[in-house]
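Just below is one structure, and these are the notes that go with it.
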Amino acid sequence: MRRIARHEHVYCKISGLTTEASWGDWQAEQLWPYMEVAFEAFGARRVCYGSDWPVCLLAADYRRQMDAAAGFVQQLSAAEQAAFWGGNAAVFYHL
């Protein structure tokens, strides 16, 4: 991940973590180290949220998996959170 992050035109979408965890008993905090690596590698301006819906339903309802991401990004500034939840995707997809 760190190697590909060196390319400034590459972004990282946080998606699918819940379906990679133990479906029945994962906790949000178990996902955060992976998010930490993504943010360290890409920086807050090149990471965005991906719902992984409807696949996420295999491991959690939409709200639970979204709350897991929200718990991690609450440590970011308001501007970084806004970028994560949509601003970075708008830049990447030229919306």
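Readers should treat all values here as calculations from the given coordinates under stated rules, not as data from a laboratory. On a predicted model such as this, the values are computed, not experimentally measured, just so you know. A quick note on method: Cβ atoms are made from the backbone with ideal geometry, for glycine too, and the neighbour counts reach across all protein chains shown.
Things worth noting here:
- Gyration tensor verdict on segment 46-95 (Cα atoms; rounded if a/c is under 1.5, prolate if a/b is larger than b/c, oblate otherwise): oblate
- Using only side-chain charges placed at the Cβ, +1 for Lys and Arg and -1 for Asp and Glu, the dipole size of the chain relative to its Cα centre rounds to 380 debye.
- Projecting the Cα positions of VAL47, VAL10, TRP26 onto the charge dipole of the chain (unit charges on Cβ atoms of Lys, Arg, Asp and Glu, taken about the Cα centre) puts VAL10 furthest along the positive direction.
- Close amide H pairs (under 5 Å, H built 1.01 Å from N) link CYS12 with VAL47, CYS48, residues at least 5 positions away or on another chain.
- Cα-based helix-to-principal-axis angle, 28-42 vs the chain, degrees rounded to 10: 10
- Listed values (1) 13.0, 38; (2) 15.2, 50; (3) 13.5, 42, entry calculated as Rg and Dmax of the Cα atoms in Å: (1)
- Between TRP53 and VAL10, full extension at 0.36 nm per residue minus the direct alpha carbon distance yields a gain of 13.2 nm.
- Largest GNM mean-square fluctuation across VAL55, VAL73, VAL47, computed for the chain with C-alpha springs under 10 Å, falls on VAL55.
- Relative contact order for the chain, counting Cα pairs under 8 Å that sit 6 or more residues apart, in percent: 34
- Cα long-axis angle, helix 62-73 against the chain (0 to 90 degrees, to the nearest 10): 50
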